[in-house]
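Below is one structure, written out as structure tokens, with a few remarks after it.
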Amino acid sequence: GEKLKDNWKEYIKKNLKWILLFLCTIIFLDLVEDVFEKEIMKLDIITDNFISTYLISDFVTPIAKIITNLGGAISLISITIILLVVLKNKKIGIAVMINLLISTVLNIILKNVVQRPRPNEFRLITETGYSFPSGHSMVSMAFYGFLIYLIYKLVKNSKIKWTLIISLSIIICTIGISRIYLGVHYASDVLAGFTISISYLVIYTSIIKRFIGESRKNEENEKDKKQL
């Protein structure tokens, strides 16, 4: 019994990212099916009721508008340019830029396939285009999620590493919530954006890690040569 338990633990540990990809893809496809069948989702109703009862206020609205901009094109492009300039390892900057491009194109494709209209009860900001999956949520999860992956792999100082990882995770979640709060998305749009991006990130990081890894090895070899 113990051996079987250990084998299972080992298997899950080894294949965690693929299990995550499978689960997130299933959730996403389930949401797509509900949208195609034009079902009113319980998740959307519960979230809307909670936000309109407990969160909506003159104090929260300007904060939500600031947070939502962290998932907008200007913020993400600016961060990408800064990383391209600042990082010594140019391959990491390029990987961040490619990731942003792919996730944006993927979102545009999915929106045009599903063609879900945006909620129109109350909107605190103006948005055009389709609703599903949420572009801000999807691209933020892909963008900041990839930064989390890089920080986890490359930052040695554990205090800095976990402070950054937790901060970025909070940013991702609050961007998603801000989209529902501002009335431009259903909760299911946000959940769909998050889940499809997690699935995508599993594939993207698996492909890109060799590209980044090789360039890190080269850098370390150069350092060793200089020391010699």
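Results, tabulated for the structure shown:
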| quantity | calculated |
| --- | --- |
| Rg/Rh (Cα only; Kirkwood hydrodynamic radius) as it applies to region 94-138 | 1.06 |
| Projected label distance in nm at Ile81 and Thr61, using a 7 Å step from Cα toward the beta-carbon | 3.1 nm |
| Net length gained if the chain between Lys153 and Ser52 were fully extended (0.36 nm per residue, minus Cα distance) | 32.4 nm |
| Cross-link pairs Lys13/Lys65; Lys9/Lys90; Lys9/Lys88; Lys9/Lys111; Lys42/Lys159; Lys38/Lys65 - those with Cα-Cα distance over 32 Å | Lys13/Lys65; Lys9/Lys90; Lys9/Lys88; Lys9/Lys111; Lys42/Lys159 |
| Region 1-117 - Kirkwood radius from inverse mean 1/r over Cα pairs (Å) | 18.8 Å |
| Debye intensity ratio I(q)/I(0), log10, region 1-56, q values 0.16, 0.20, 0.28 Å⁻¹ (C-alpha model) | -0.71, -0.80, -1.01 |
| Average projection area in nm² (convex hull over Cα atoms of region 82-212, one quarter of hull surface) | 8.4 nm² |
| Cα-derived Rg over Rh, computed across region 99-176 with Rh taken as Kirkwood radius | 1.10 |
| Degrees separating the helix 135-154 axis from the principal Cα axis of the chain, which is the longest one | 20 degrees |
| Relative packing of peptides 97-103, 80-86, 185-191 - highest average C-beta neighbours within 10 Å first | 185-191, 97-103, 80-86 |
| In degrees, nearest ten, helix 90-114 long axis to first principal axis of the chain (Cα) | 30 degrees |
| Heavy-atom SASA rank of Asp30, Asp58 (probe 1.4 Å, accessible area, largest first) | Asp58, Asp30 |
| Convex hull per residue volume in Å³, alpha carbons only, for the chain | 175 Å³ |
| Heavy-atom accessible area order for Thr195, Thr25, largest first, 1.4 Å probe | Thr25, Thr195 |
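The values are calculated or read from the model by the stated rules, or taken from the named source; none is laboratory data. Computed from a predicted structure; not experimentally measured. Cβ coordinates were reconstructed from backbone atoms using ideal geometry, including for glycine residues, and neighbour counts include every protein chain displayed. For the accessible areas, the whole protein counts, side chains as well, though only heavy atoms, and no ligand, DNA or RNA atoms are used. Shrake-Rupley method; radii C 1.70, N 1.55, O 1.52, S 1.80 Å.
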